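So the structure is just underneath, and the comments pick up after that.
The values are calculated or read from the model by the stated rules, or taken from the named source; none is laboratory data. Because the structure is a prediction, the values reported are computed rather than measured. Neighbour counts are summed over all protein chains in view; Cβ atoms, including those assigned to glycine, are modelled from backbone coordinates with ideal geometry.
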Amino acid sequence: MDEQFPDSGPAMGGNTPEFSVAEISGAIRRTLEGTFGRIRVRGEITEFKRYPSGHLYFSLKDEGGKLSAVVWRGTVSRLGLKPESGLEVIATGKISAYGERSSYQMVIDRLEYAGEGALLARIERLRLRLVAEGLFDAGRKRPLPFLPRVIGVVTSAQGAVLHDIRTTIARRFPHPVLVWPVPVQGEGAAERIAQAIAGFDAIDGASGLPRPDVLIVARGGGGLEDLMAFNDEGVLRAVAACRIPVISAVGHETDTTLIDFVSDCRAPTPTAAAELAVPVRAELEAGLAQRDARLRGGLGSTLQRLRARLDRAASSLPDLPTVMENARRRLDDRGYRLDLAWPTYIKHRRASLRSASDRLPGPQMILALRRADLARAGTACQQAMNTYLGRRGALLQGLRVPPAVLVAQWRACASRLAGEGGRLASLSPQAVLERGYVLVTDRAGKPLSHAAQARRAAQVTLTFADGQVAARPVRPGTSAQGDLDL
């Protein structure tokens, strides 16, 4: 399209036309917009910037050049994908010039991935980065609950996916299903899916809304571009941070997205995800019935075996009445023999005691011997006293002491001796015995001062003023007559 410039009239100093800056800028803009109109440009996004106003500025480049581009704020939500540096895209829009800066740029209203190769390269770069972070490690994956109470589903409210999940759960094992509807493709789908997963994880059950025990993130089949929301980094990190076990069921069996690697379990289809979430109730009931039958059969066999062992043991046991009768006979025989043996034993013990007491000297003999010894000692003392007095008399005769003095001294000594003898007699145990007291000793002759000592002794001796008597203590409860058996 040729642009007709306004006639500026002859210029001074030559035939070269003269234009204003605004005329040139406007002419260039009209030429660019009229020549190119609506175009599609393929290139790699670089120098990406998002301004506070909401406009997006970046450049499209290839091996031969670079083209500035802008996306106005009102068009961002309809772009079709989220632009970022390094992404190869096909941009649809028009070329426009900006006269104030003498620059031109492409005003973009739609972006598309530049073929599956670019998408796969972007997915591979993200996969390698998440692998390095450990988000795909098998040790992070949690086991699915065997019988969840509530099942959370993140999917589109329209379509057959939600219907398949609900009907499968109702058919296998009816459970409550909590649905968080989200768009599964297009602009903003990834953010909505990540928010739904985080929202389910934030439910604590205190507000009356039940917390799911397992999550199913699902959508139907589609092309690679349709499934890109499930390759978004925000969605993957939301799944990795979720504390509820997650089952991914995106696309058909041959479709693979990065959410399959970060989730706890991958299902080839949404129906298979529902089958993984809940078991078949009929199969569980059949299994329980089978186990119940096996337990009953095993218990019956065990009882029969134990009953047979009990019968064999009972048959080998002797007859209880016969055993009791024999025991009674033995008890009667032992009692009869004991009745005969006890008096004989007592008789033998008394005979032994009498024989031992006969061999012991009598108290009179002992006293007679002691008196004889005392008489001999007194005679010896008298003789010694006489000898001493004789010597003292001879000495006094030699000193010529008056007899009256000697008699007085002798009388004084005799009086003092009589006094000491009286005191000695008062302290003698014999004098105590003469007053009616008794001295109790054991076999060794040790005095017993307490009744408990006398009860523990096998035999005691009672010493009176005129002799001794042997006695045997009687234990408490064995005699009602007293504590001594004389």
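Answer yes or no as to whether Pro268 is under 30 Å from Ser156 (Cβ atoms), modelled with pLDDT of 85 or more, more than 36 Å from the chain's Cα centre (by Cα) and not in a helix (DSSP H, G or I). Explain how you work it out, then say what you get.
Values: under 30 Å from Ser156 (Cβ atoms): yes; modelled with pLDDT of 85 or more: yes; more than 36 Å from the chain's Cα centre (by Cα): yes; not in a helix (DSSP H, G or I): yes.
Spelling it out, Pro268 is indeed under 30 Å from Ser156 (Cβ atoms), modelled with pLDDT of 85 or more, more than 36 Å from the chain's Cα centre (by Cα) and not in a helix (DSSP H, G or I).
So Arg149 clears everything in (1) in a loop (DSSP other than H, G, I, E, B); (2) closer than 24 Å to Leu224 by Cβ except one condition, right? Which one?
(2)
Which count do you get for residues in region 214-264 that are surrounded by fewer than 18 Cβ atoms within 10 Å (Cβ to Cβ), modelled with pLDDT of 90 or more and part of a loop (DSSP other than H, G, I, E, B)?
Going through region 214-264 one residue at a time, the tally reaches 1.
In this structure, is Gln185 in a loop (DSSP other than H, G, I, E, B) and surrounded by 13 or more Cβ atoms within 10 Å (Cβ to Cβ)? First the steps, then the outcome.
Details: in a loop (DSSP other than H, G, I, E, B): yes; surrounded by 13 or more Cβ atoms within 10 Å (Cβ to Cβ): yes.
So Gln185 fits the description; yes.
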